[in-house]
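For reference, the structure discussed in these notes is given below.
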């Protein structure tokens with residue numbers, strides 16, 4: 001059997017995490033096969049994904065009936081079942097967690113979206129999730145809102161591993177990576193080690209194109225120049241964000257932290273399944289191959305990319321065109337700052 005293209009991504013420094021989890025996947029052995037054959041080395045979980053997993057599987061039924069008979073409410077049942085699957089997945093990934101010196105091998109689980117603008121509740125739930133799962137390779141998702149950034153700083157200082165979500169622009173990324181660095185500095189000030197703390201910053205890619213493409217259709221329906229900009233914004237924004245990441249790593253502030261053992265807050269490409277059938281179903285994989293990044297993929301995207309012919313770094317391709325593409329949107333009255341803000345508010 002030829003080597004999976006997903007394993008070849010590892011050779012250029014990009015990790016593949018699965019954007020899905022279910023009890024069927026775990027108990028059937030399919031998840032272990034993805035880890036072994038496709039070099040999947042992490043998992044992200046969110047309420048929507050887990051809810052669909054429960055609806056589409058019979059494996060939860062007996063547990064649900066049992067807990068209902070014990071008088072538990074639906075929210076509590078949902079939470080307990082999710083924690084059980086998280087622990088199961090984290091056990092499978094624990095070897096990778098050790099082998100990669102805690103760089104990969106994570107199960108990333110989300111703080112309730114209702115706390116996106118509530119600092120204290122976010123911190124409280126993040127710590128409770130870590131205690132309940134009681135596994136070292138758990139990474140807590142915290143939204144990259146203004147309030148989220150405050151929680152990120154405090155949770156990082158407490159030594160939790162954080163996946164910052166709902167990022168849509170370089171500016172949003174810079175704000176949360178500054179919160180991450182501040183948290184590391186706070187931790188150092190208390191004479192705690194920072195070498196075991198990990199974090200990733202998740203840029204939600206396809207959602208950017210979906211919104212901007214719809215705006216282009218409204219504003220440039222009969223304008224060929226405007227239509228040619230469709231499908232370019234998300235990748236351009238990701239490339240700009242990656243440049244910001246490189247700039248952070250070369251800053252004096254980061255160099256000081258690195259000398260104390262700090263781990264870079266890697267960029268994670270999230271929402272990478274294409275929503276427009278006119279685009280390649282691996283568009284946000286083939287155009288965003290980059291060292292020291294993570295790409296979270298659905299099962300369908302993994303299947304589609306498995307036999308991809310050429311694996312090479314693509315993040316630096318067309319860099320000279322990126323600013324032009326983004327600037328061109330202004331002539332069609334598309335304000336990207338407003339787009340990024342709206343996307344984050346929509347969650």
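Before moving on, here are some points about what is shown:
- Residue exposure sequence - 69, 328, 28, 90 - by fewest surrounding Cβ within 10 Å: 69, 28, 328, 90
- As a size descriptor, the averaged projected area of the C-alpha convex hull of the stretch 198-347 was calculated at 10.5 nm².
- Pairwise centroid distance, computed over Cα atoms, of the stretch 248-298 with the stretch 17-74, Å: 26 Å
- Ordering 250, 220 by the number of other Cβ atoms within 10 Å of each residue's own Cβ, fewest first, gives 250, 220.
- In the elastic network of the chain, a GNM with C-alpha springs shorter than 10 Å, the most mobile of 12, 152, 74 is 74.
- Size descriptor, Kirkwood hydrodynamic radius, that averages inverse alpha-carbon separations across the stretch 7-149, Å: 16.1 Å
- Ranked 7, 41, criterion: other C-beta atoms within 10 Å, fewest first: 7, 41
- MRE, 222 nm, helices only [DSSP H, n ≥ 4, -39500 (n - 2.57), over the chain, to nearest 500]: -16500 deg cm²/dmol
- Label-point gap, in nm, between residue 223 and residue 72 - each point 7 angstrom along Cα→Cβ: 5.5 nm
- Averaging 1/r over every pair of different alpha carbons in the stretch 144-250 and inverting the result gives a Kirkwood radius of 15.4 Å.
- The chain: most fluctuating residue of 81, 288, 166 per GNM, C-alpha cutoff 10 Å: 81
- Alpha carbon centroid spacing (whole Å) that separates the stretch 97-146 from the stretch 172-187: 16 Å
- Here the spin labels are modelled as points 7 Å beyond Cα on the Cα-Cβ line, and at residue 259 and residue 331 they lie 4.9 nm apart.
- Choice from 189, 234, 151 showing the highest fluctuation, given a GNM over the chain with Cα pairs closer than 10 Å: 189
- Note on the chain: the alpha carbon radius of gyration divided by the globular reference 2.2 N^0.38 Å gives 0.99.
We did not get these values from a lab; they are worked out from the coordinates using the rules stated. Just so you know, these numbers come straight off a predicted model, no measurement behind them. We place every Cβ from the backbone using ideal geometry, glycine too, and count neighbours over all the protein chains shown.
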